[in-house]
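The values are calculated or read from the model by the stated rules, or taken from the named source; none is laboratory data. What you see is a predicted model, and the numbers here were worked out from it, not measured in a lab. As a convention, Cβ positions derive from the backbone with ideal geometry for all residues, glycine included, and neighbour counts pool all protein chains shown. These accessible areas exclude ligands, DNA and RNA; they are computed on the full protein's heavy atoms, side chains included. Shrake-Rupley method; radii C 1.70, N 1.55, O 1.52, S 1.80 Å.
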Amino acid sequence: MNAPPDNPTTQADSVVDWLINGTRDERFVDNIFAQMCIRLQQAGIPLKRATLHILIHHPQWLGARMMWSDGMREAEIALVDYDVRERSEYIGSAANELQNGAAEVRERLERDPSLGRKHALYDEMRARGLTDYVAWPLYHTLGKRHLVTFATDRPGGFDDAHIAGLKKLLPVLALVSEIRVKNRLARTLLETYVGSHAGELILAGATRRGTGTTVRAAIMICDLRDFTKISDNWPRDDVIDLLNDYFDAMSEPIARHGGEILKFIGDGLLAIFPLHEPDACANLLHAVTEARKAMAALNERNNGTGRAPLNYGIGVHVGDVMYGNIGSSSRLDFTVIGPAVNMASRLEALTKQLGRTVLLSRAFAEQVEPKFELEHVGQYEVRGFSDPIELFAYPG
């Protein structure tokens with residue numbers, strides 16, 4: 001029989017055991033990382049500073065950096081944007097070297113700086129009295145490479161036993177971090193594509209077709225005017241930029257005031273403000289006010305580049321909606337349906353006919369009067385509804 005592989009004991013063995021057996025109930029990798037660093041110190045490894053760099057799938061951020069320093073109980077988290085790879089903070093860094101294929105980056109900070117690597121980070125660590133720095137790739141499945149670094153202020157730097165202990169951690173830290181990163185990734189992707197509340201429901205198991213709940217909510221539907229003409233006459237990339245700017249102007253105020261965007265439909269969006277929040281209807285109008293200002297600022301910027309102003313219409317209603325899974329046996333959509341949604345859609349269509357930017361149903365107007373100044377527009381026939389609907393405009 002073959003002898004078992006040599007696996008000598010190290011100072012980090014107790015920390016390895018804790019990572020395997022003691023972290024099952026910890027949801028967040030940054031908490032695990034900070035506790036790991038503290039335990040390494042307690043095990044006799046002279047750790048002064050450590051970082052964990054994780055690449056993430058997010059529409060805005062390339063990755064996240066978790067940094068721990070001696071004396072900290074929690075790690076600091078900084079998000080890293082996609083442009084970082086073009087900046088000096090990345091070029092020539094350990095992250096740059098490792099992403100280019102290096103298996104290890106070690107910088108002895110006590111030696112003559114003229115003989116070492118040239119990067120601002122090393123100068124900063126020397127200024128803080130650090131003596132040694134090591135960085136290794138952290139391998140997740142399918143070849144995904146992340147990064148972990150350790151630094152010390154011990155005279156002479158890390159010794160061979162310290163390095164052996166830290167290296168022994170790496171495969172276990174990779175497994176433990178990958179589980180948390182993938183959990184966070186699933187949550188981030190769901191929040192990105194279906195919204196935070198729907199994402200939580202899906203993660204909790206609400207994935208069966210036809211399941212759902214009845215929710216009383218204020219419903220807001222917004223649509224861009226003349227988009228067909230714009231998309232036919234503008235270059236493709238300009239159209240995409242325009243849509244992104246328009247959705248930013250509309251979406252950020254909605255999120256800020258507690259609304260949830262359930263769907264982008266071409267150049268339109270559907271959002272709800274559930275009425276379990278007592279000020280939901282008022283919050284919707286506050287969001288509309290801020291979105292209107294953001295659109296005015298966007299049009300002013302576009303005017304400076306020769307682009308025509310963007311016009312839009314918003315329809316608002318309040319009522320019960322069915323909130324849940326609808327679709328085929330293999331492809332579902334988590335959305336809201338019901339007559340209240342149809343009414344909001346019809347009001348949005350009427351904004352163009354009546355020359356108003358925002359139209360509200362009486363049912364919604366009753367929720368916000370007299371806190372907001374509304375303009376009575378009159379009664380109008382609405383397609384699909386037997387009785388005329390009393391409408392109000394919101395000029396604020």
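Tell me whether region 324-332 contains one or more residues that are under 14 Å from PHE364 (Cα atoms) and touching a Leu at 6+ places or on another chain (Cβ under 9 Å). No - not one qualifying residue is present in region 324-332. A count restricted to region 44-89 and to residues that are β-branched (Val, Ile, Thr) and closer than 20 Å to HIS162 by Cα stands at 2. Taking each residue of region 368-388 that is closer than 20 Å to GLY355 by Cα and looking for partners that are among the small types (Gly, Ala, Ser) and not in a loop (DSSP other than H, G, I, E, B) with beta-carbon atoms closer than 6 Å, six or more apart or interchain, yields LEU374/ALA365; GLU375/ALA393; VAL377/ALA393. Between ARG85, ARG145, ARG65, which is at negative phi, in contact with a Pro (Cβ under 6 Å, 6 or more places away or on another chain) and open to solvent by 40 Å² or more (accessible area, probe 1.4 Å)? Going through ARG85, ARG145, ARG65 in turn, the sole match is ARG145.
Pairs meeting the criteria (first residue in region 260-283 and more than 28 Å from PRO370 (Cα to Cα), second residue in a loop (DSSP other than H, G, I, E, B), beta carbons under 7 Å, at least 6 apart or on different chains) are LEU262/GLY195. If I filter region 308-319 for residues that are in contact with a strand residue (DSSP E or B) (Cβ under 9 Å, 6 or more places away or on another chain), farther than 21 Å from MET343 by Cβ and open to solvent by 70 Å² or more (accessible area, probe 1.4 Å), do I get at least one hit? Scanning region 308-319, I find at least one residue that is in contact with a strand residue (DSSP E or B) (Cβ under 9 Å, 6 or more places away or on another chain), farther than 21 Å from MET343 by Cβ and open to solvent by 70 Å² or more (accessible area, probe 1.4 Å), so the answer is yes. Counted as qualifying within region 335-396 are the strands (runs of 3 or more DSSP E) with 3 or more residues that are buried (at least 21 other Cβ atoms within 10 Å of the Cβ) and modelled with pLDDT of 90 or more, namely 358-361. Of all the listed residues (ARG39, ARG24), the sole one being surrounded by 12 or more Cβ atoms within 10 Å (Cβ to Cβ) and of a type in the set (Lys, Arg) is ARG39.
Between ILE272, ILE265, the distinction of being among the β-branched types (Val, Ile, Thr) and open to solvent by 20 Å² or more (accessible area, probe 1.4 Å) belongs to ILE265 only. Within region 133-154, the set of residues being in contact (Cβ under 8 Å) with a residue 40 or more places away in the chain and either over 19 Å from ALA95 (Cα atoms) or among the β-branched types (Val, Ile, Thr) (or both) comprises VAL148, THR149, THR152, ASP153, ARG154.
Residue check, SER14 against (1) part of a helix (DSSP H, G or I); (2) without any contact (Cβ under 8 Å) to a residue 24 or more places away in the chain; (3) over 24 Å from LYS144 (Cβ atoms); (4) open to solvent by 50 Å² or more (accessible area, probe 1.4 Å), all met but one. Which one? Of the numbered conditions (1) part of a helix (DSSP H, G or I); (2) without any contact (Cβ under 8 Å) to a residue 24 or more places away in the chain; (3) over 24 Å from LYS144 (Cβ atoms); (4) open to solvent by 50 Å² or more (accessible area, probe 1.4 Å), the odd one out for SER14 is (2). Would you be able to say whether some residue in region 322-333 is assigned to a strand (DSSP E or B) and either open to solvent by 70 Å² or more (accessible area, probe 1.4 Å) or among the hydroxyl-bearing types (Ser, Thr, Tyr) (or both)? Yes, the conditions are met somewhere in region 322-333.
The residue of region 190-229 that is modelled with the highest pLDDT, among those that are at positive phi and out of contact with any strand residue (DSSP E or B) (no Cβ under 9 Å at 6 or more places or on another chain), is ASP226. Considering each of ALA78, ALA3, ALA64, ALA50 in turn, give the residue that is small (Gly, Ala, Ser) and either under 18 Å from LEU169 (Cβ atoms) or modelled with pLDDT of 95 or more (or both). Step by step, each of ALA78, ALA3, ALA64, ALA50 is checked, and only ALA50 is small (Gly, Ala, Ser) and either under 18 Å from LEU169 (Cβ atoms) or modelled with pLDDT of 95 or more (or both). Applying the set (1) touching a Lys or Arg at 6+ places or on another chain (Cβ under 6 Å); (2) farther than 23 Å from VAL29 by Cα; (3) loosely packed, with under 15 Cβ neighbours inside 10 Å to GLU107 leaves exactly one unmet item: (3).
Reported count of residues in region 250-261, each being open to solvent by less than 10 Å² (accessible area, probe 1.4 Å) and either among the aliphatic types (A, V, I, L, M) or in contact with a Gly (Cβ under 8 Å, 6 or more places away or on another chain) (or both), is 2.
Residues in region 156-177 that are open to solvent by 20 Å² or more (accessible area, probe 1.4 Å) and either in a loop (DSSP other than H, G, I, E, B) or not aliphatic (A, V, I, L, M) (or both): GLY156, ASP159, ASP160, LYS167, LYS168, PRO171. Scanning region 121-142 for any residue that is on the phi > 0 side of the Ramachandran plot and surrounded by 13 or more Cβ atoms within 10 Å (Cβ to Cβ) turns up nothing.
Among residues of region 74-86 that are in contact (Cβ under 8 Å) with a residue 40 or more places away in the chain, none has a beta-carbon under 9 Å from a residue that is open to solvent by 100 Å² or more (accessible area, probe 1.4 Å) and not in a strand (DSSP E or B) at least six positions away or on a different chain.
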